[in-house]
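I'd like to ask some things about the structure below.
Every read-out reported here was derived from the displayed coordinates using simple, explicitly stated rules and does not represent laboratory data. Everything numeric here is computed off the predicted structure, so don't read it as measured data. Please note: Cβ atoms are built from the backbone with ideal geometry, for glycine as well, and neighbour counts cover all protein chains shown.
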Amino acid sequence: MDRTARPGTMHAVDLRTAIKSLATVDGPILKVDRFLNHRVEPALMSSVGLQFATLLGPLGPDLLLTAEASGIPPALAAGIEMDLPIVYAKKYLGPGARYTFSREVASPTKGTEYRVEVARHVLEPGLRVAIIDDFLAGGRTAEALGEIAEEAGCTVLATAFVIEKAYTEGRARLEAHGWPVWSLVQVESLANGEVRLAP
């Protein structure tokens, strides 16, 4: 079998093209599980990592912070480009008694509440941290990560996302903490099941 000719591979497809050709709309939800947060396309993710490195590199972070599972591929791609470690918060349902920094997060899209946790020994005071995630909508997970970083004595330099729903409250939520917000692609609307991207 010629593996270089498999259908669905992305050797030169950029993020905007992937969203337009492969994303689907399910009510208020933009589903990008064909290339970003379930099936992951390595070539596309490498490009995402390079873009994040260009944005975040000049800030001089010591570490990249994200949440499992969907934040791991873009954060890892950026970490490889920037030669930085990444820490991913683990998500739990129900009570726990672990020695961690943690926050409760409500997920409107999933209709559940979960807890994000980072072991205390992996976040040292004084680190300069950049937060990366796949999606910015309500901003609750990124806010929890930023609060965890600050509780650990770290400085949050910026928050960065692969895709942002520009019409939601996430950006304002994060900027209220004084954290800069960057996104690689902004979605302006999902009206009538059509994905409209910002220029």
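Please compute the contact order of segment 11-197 in relative form: average sequence separation of alpha-carbon pairs under 8 Å and at least six residues apart, divided by the residue count, as a percent.
This gives 18 percent for segment 11-197.
Can you work out ³J(HN,Hα) from phi for every residue in segment 112-123, in order, using Karplus 6.51 cos²θ - 1.76 cosθ + 1.60 and θ = phi - 60°, giving whole Hz and x for Gly and Pro?
So the Karplus estimates, Gly and Pro as x, are 10, 10, 9, 10, 9, 9, 10, 4, 5, 7, 9, 10 Hz.
What is the magnitude of the charge dipole of the chain about its Cα centre, with +1 placed on the Cβ of each Lys and Arg, -1 on the Cβ of each Asp and Glu, and no other charges, expressed in debye to the nearest 20?
That gives a dipole near 440 debye.
Continuing with this model, one more query. Among DSSP bridges having both ends in the chain, what percentage is antiparallel? Round to the nearest 5.
Of the beta bridges lying entirely in the chain, close to 45 percent run antiparallel.
Can you list the trypsin sites (Lys or Arg not before Pro) in segment 19-85 that are in a DSSP coil and have 11 or fewer other beta carbons within 10 angstrom?
Arg39
Pick from Val118, Val129, Val25: which residue has the top mean-square fluctuation in a GNM of the chain where Cα pairs under 10 Å get a spring?
Of the options given, Val25 has the highest mean-square fluctuation.
Report the local net charge at Gly57: Lys and Arg +1, Asp and Glu -1, summed over other residues whose C-beta lies under 14 Å from its C-beta. Let's see the in-between values first.
Working: positive: Arg128; negative: Asp62, Glu81, Asp83.
In short, -2.
What does a probe at Ala176 reach in segment 122-155, counting residues whose amide N is under 12 Å from the point 7 Å along Cα→Cβ?
Correct set: 139-140, 143.
First select every other residue whose beta carbon is under 10 angstrom from the beta carbon of Pro74; then total the charges, Lys and Arg +1, Asp and Glu -1.
Neighbourhood net charge equals -2.
Here's a follow-up. Can you tally the lysine pairs in segment 11-197 where the Cα-Cα distance is under 18 Å and the two residues are eight or more apart, or on different chains? Could the numbers behind the result be given before it?
On the way: Lys20/Lys31; Lys20/Lys165; Lys31/Lys110; Lys31/Lys165; Lys90/Lys110; Lys91/Lys110; Lys110/Lys165.
So the count of such lysine pairs works out to 7.
May I pose another question? Over all directions, average the projected area of the Cα convex hull of the chain and note it in nm².
Computed as one quarter of the Cα hull surface, the answer is 12.3 nm².
For the chain, set up a Gaussian network in which alpha carbons nearer than 10 Å are linked by springs, and say which option among Ile29, Ile163, Ile19 fluctuates the most.
Largest GNM mean-square fluctuation: Ile29.
Cβ under 14 Å from Ile148's Cβ, Ile148 left aside: what net charge do those residues give with Lys, Arg +1 and Asp, Glu -1? Walk me through the numbers before you get to the answer.
Numbers: positive: Lys90, Lys91, Arg98, Arg103, Arg115, Arg120, Arg140; negative: Glu68, Glu104, Glu117, Glu124, Asp133, Glu143, Glu147, Glu150, Glu151.
Neighbour charge sum, excluding Ile148 itself: -2.
Something else now. Along segment 176-185, what does the Karplus equation 6.51 cos²θ - 1.76 cosθ + 1.60 (θ = phi - 60°) give for ³J(HN,Hα), rounded to whole Hz, x for Gly and Pro?
5, 8, x, 9, x, 10, 10, 9, 7, 9
A follow-up question, please. Springs between alpha-carbon pairs under 10 angstrom, Gaussian network model over the chain: which of Pro58, Pro42, Pro125 fluctuates most?
The residue with the greatest mean-square fluctuation here is Pro58.
Would you calculate a helix-derived [θ] at 222 nm for the chain, using -39,500 (n - 2.57) for each DSSP H run of n ≥ 4 and dividing by the full residue count, to the nearest 500?
On the way: 5 runs with 52 residues, N = 199.
For the chain, the value works out to -8000 deg cm²/dmol.
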